[in-house]
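J.: Sharing a structure here in structure tokens format.
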Amino acid sequence: MRVFLLAALAAFAVNLAAKGSRAVETVTVTPDTLRLEVGDVGRLTCAPRNGFGSLLTNTCSWTSKNTVIATTTSSSQNVSVTARANGTTFVTATSKGKADTAVIIVGTPPPPDTTTPPDT
């Protein structure tokens, strides 16, 4: 009886570890903030990880909260973000129901500082 119980417990542990190694537990988007000027294209990456913290090969789907400000052009672990108009929006990566979001800030660069004299 003991041998059977130990064998059943070992089989259960192996099955649990195998399932846990494939299931997406977290998604991380990097960078978490992307600053662009109108017309620029930036890149975000998603990293789906299992319960053991190992990187998975799962793809991510990407969505922009406001496509007037920024659009995305891929459904993989990497996405191009195109800045369309000044403002702030959020781009979210989702894989197997887990998600993370990056802040996208689109703006015109500030004018050059003319109050500081050049070094002489």
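J.: Scan segment 78-93 for residues that are farther than 14 Å from Leu36 by Cα and either open to solvent by 50 Å² or more (accessible area, probe 1.4 Å) or over 12 Å from the mean Cα position of the chain (by Cα) (or both) and jot them down.
T.: The one that is farther than 14 Å from Leu36 by Cα and either open to solvent by 50 Å² or more (accessible area, probe 1.4 Å) or over 12 Å from the mean Cα position of the chain (by Cα) (or both): Asn78.
J.: Let me ask something additional. Quick one: would you say Arg35 is more than 16 Å from the chain's Cα centre (by Cα), surrounded by 13 or more Cβ atoms within 10 Å (Cβ to Cβ) and basic (Lys, Arg)?
T.: no
J.: Go through segment 44-99 residue by residue and tally those that are touching a residue at least 60 places away in the same chain (Cβ under 8 Å), over 13 Å from Thr28 (Cβ atoms) and not β-branched (Val, Ile, Thr).
T.: Number satisfying all stated conditions: 2.
J.: Name the residues in segment 65-77 that are of a type in the set (Gly, Ala, Ser) and under 12 Å from the mean Cα position of the chain (by Cα), would you? Talk me through it step by step, then tell me what you get.
T.: Taking segment 65-77 as the starting set, the residues that turn out to be of a type in the set (Gly, Ala, Ser) are 70, 74-76.
Those that are of a type in the set (Gly, Ala, Ser) and under 12 Å from the mean Cα position of the chain (by Cα): Ser75, Ser76.
The values are calculated or read from the model by the stated rules, or taken from the named source; none is laboratory data. Just so we're clear, the structure is a prediction, and the values are computed from it rather than from any experiment. Glycine gets a Cβ as well: all are built from the backbone with ideal geometry, and neighbour counts include every protein chain shown. Just the protein is used for accessible areas: all its heavy atoms, side chains included, with ligands, DNA and RNA removed. Shrake-Rupley method; radii C 1.70, N 1.55, O 1.52, S 1.80 Å.
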